[in-house]
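The values are calculated or read from the model by the stated rules, or taken from the named source; none is laboratory data. As the structure is a computational prediction, the values presented were derived from the model and not from experiment. Quick reminder, even Gly has a Cβ in these numbers, built from the backbone with ideal geometry, and neighbours come from all protein chains shown. When the accessible area is computed, the model is the full protein with side chains, heavy atoms only, and any ligands, DNA or RNA have been set aside. Shrake-Rupley method; radii C 1.70, N 1.55, O 1.52, S 1.80 Å.
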Protein chains: 2
Amino acid sequence: MTTFFEDFSVGDEEEFGEYDVTEDEILAFAEKYDPQWFHTDPERAAEESMYGGLIASGWHTTAMTMRMLVEEFLSESASLGAKGVDELRWRRPVRPGDTLSVRTEVLEKVEETPSRGLVRVRITTSNGDGEDVCSMVALTMFARRDGSGEGDENGENGADGEE
Amino acid sequence: MTTFFEDFSVGDEEEFGEYDVTEDEILAFAEKYDPQWFHTDPERAAEESMYGGLIASGWHTTAMTMRMLVEEFLSESASLGAKGVDELRWRRPVRPGDTLSVRTEVLEKVEETPSRGLVRVRITTSNGDGEDVCSMVALTMFARRDGSGEGDENGENGADGEE
């Protein structure tokens, strides 16, 4: 059953996901998108980095978090993407061998158009040791059940956000 | 020559990068990290999406932006990663065929420790039509030239940020 804007309530909390972080995936992401040595060179990272070893790109952490959100939070929903994110913080390093999971909390709902609403969601990513590694407040958009759906936006840049 | 914290000045502006966005890369990123249909299904996206066609995951846009930043802004610097990002906004869809570039503006500098400083940088990503597609304020950390380098942080979670 599809989840619409109306189905979210302020205060709703969920906890889900299990994402095993591997050195291979950290290296593959970093080589393509964030080739800084503390993300791409395990030996130098172990010897010289203030992090004490290889760590995932922060953008890799948000991408892995997104994967869990899509699988559990968005897959059955009328998600229309997101406008953006506030207060994104990489709180602790993410390392090979970590198992990430996610908590969500609905902070606010705003009816934006007859067909669409904005839901502000606090998203917190933890490692297997119960430590928070990343947090953010996402500005997500969902279709309204009684709205005319997605079709009432017009043309190329009718939408002012995406994700 | 390596760029240290001292080498940044508030008001500094740069413009650089040229990243060609392909449908193949949009699909590959989305299938792995953000498998929502408007990022993975070109035909359905063309017919049903309020965006009028396939668009890149917002996290793909930030990853592509990061690649340009590493190549031009961070590669010759004493970058120590980032604590986070404020006011991330996906302003317009990123589509196959777009050519992205980046503008940076140094907003603020804060001396955090004897060895490390924080630089707040506004980062704006544009498409080839001169439209801004993404913007954020990054909280980046750089080593100080006269500091003791990266070695004065201690142990596992000595650092409170990463990127």
Do any helices (runs of 4 or more DSSP H) entirely within the range A:1-84 hold 2 or more residues that are within 17 Å of A:Arg122 (Cα to Cα) and at pLDDT 95 or above, and if so, which?
A:58-69
Sole residue being closer than 24 Å to A:Glu72 by Cβ, within 13 Å of the chain's Cα centre (by Cα) and aromatic (Phe, Trp, Tyr), chosen from B:Trp37, B:Trp90
B:Trp90
Search the range B:1-34 for residues being of a type in the set (D, E, K, R) and within 19 Å of the chain's Cα centre (by Cα), and hand back the single one that is least open to solvent (accessible area, probe 1.4 Å).
B:Asp34
Among the residues of the range B:1-50, write down those that are closer than 30 Å to A:Tyr19 by Cβ and aromatic (Phe, Trp, Tyr).
B:Tyr19, B:Phe29, B:Tyr33, B:Trp37, B:Phe38
Looking only at the range B:39-93, count how many residues are at the interface with another protein chain (Cβ under 7 Å from one of its Cβ atoms) and over 18 Å from A:Leu88 (Cα atoms).
12
For A:Ala63, which of the numbered conditions (1) under 18 Å from A:Thr3 (Cβ atoms); (2) without any contact (Cβ under 8 Å) to a residue 60 or more places away in the chain fails to hold?
(1)
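Could you list, in sequence order, the residues of the range B:11-30 that are charged (D, E, K, R) and more than 10 Å from chain A (Cβ to nearest Cβ)?
Correct list: B:Asp12, B:Glu13, B:Glu14, B:Glu15, B:Glu18, B:Asp20, B:Glu23, B:Asp24.
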